[in-house]
1. Is at least one residue of the stretch 112-131 without any contact (Cβ under 8 Å) to a residue 24 or more places away in the chain and charged (D, E, K, R)?
2. Could you list, in sequence order, the residues of the stretch 41-71 that are surrounded by fewer than 14 Cβ atoms within 10 Å (Cβ to Cβ) and either outside any strand (DSSP E or B) or out of contact with any Gly (no Cβ under 8 Å at 6 or more places or on another chain) (or both)?
3. Do we have Pro101 as exposed (fewer than 13 other Cβ atoms within 10 Å of the Cβ) and under 15 Å from Leu60 (Cβ atoms) here?
Amino acid sequence: MFFNSKHQNQQKLNGGQFWSPFSFLLFFVILMFNNQLFAETNTSSPIKAWFNIILESNSLIVLPTCISDKNSMVHYEISATKMGPSGHSQNSQGGQVLLQPEQKTILSNLQFGLNPNDRYQFNMKIFSNNSLLTSVEAHYP
């Protein structure tokens with residue numbers, strides 16, 4: 001199976017039986033993995049969004065940030081969840097902002113006390129005229 005003659009390799013390159021069950025499975029796994037990587041960001045949206053996460057002494061600072069390729073009035077929703085031995089807490093906020101073209105805009109400033117046993121999850125959705133333009137999720141650690 002792993003040792004092919006020169007003729008068999010040439011036949012495969014010329015359109016012969018190239019897909020073995022293993023290669024099809026490998027292709028399928030790679031395809032699923034790539035779709036999962038890009039599921040969180042809408043690359044066709046005129047607005048790109050992300051979280052800047054900064055560690056500062058005993059604090060975790062999270063800056064939900066976005067940029068637009070044109071003037072855009074948007075509504076945003078941000079949620080942060082902290083999970084750990086001391087319990088579970090959630091914070092949500094939203095608002096409206098006019099985005100200027102090609103200018104990074106920080107939508108909020110979230111700050112948490114940092115505990116090595118805690119986990120954090122952040123979500124951001126950006127809408128225009130009640131239509132979702134983009135959504136982003138981040139985790140720490």
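Derivation of every value follows stated rules applied to the coordinates shown; laboratory data play no part. The model shown is predicted, which means the values in this text are computed figures rather than measured ones. Quick reminder, even Gly has a Cβ in these numbers, built from the backbone with ideal geometry, and neighbours come from all protein chains shown.
1. No - not one qualifying residue is present in the stretch 112-131.
2. Quick first cut of the stretch 41-71, residues surrounded by fewer than 14 Cβ atoms within 10 Å (Cβ to Cβ) only: 43-44, 52, 54-59, 69-71.
Those that are surrounded by fewer than 14 Cβ atoms within 10 Å (Cβ to Cβ) and either outside any strand (DSSP E or B) or out of contact with any Gly (no Cβ under 8 Å at 6 or more places or on another chain) (or both): Thr43, Ser44, Asn52, Ile54, Leu55, Glu56, Ser57, Asn58, Asp69, Lys70, Asn71.
3. Numbers: exposed (fewer than 13 other Cβ atoms within 10 Å of the Cβ): yes; under 15 Å from Leu60 (Cβ atoms): no.
In short, no.
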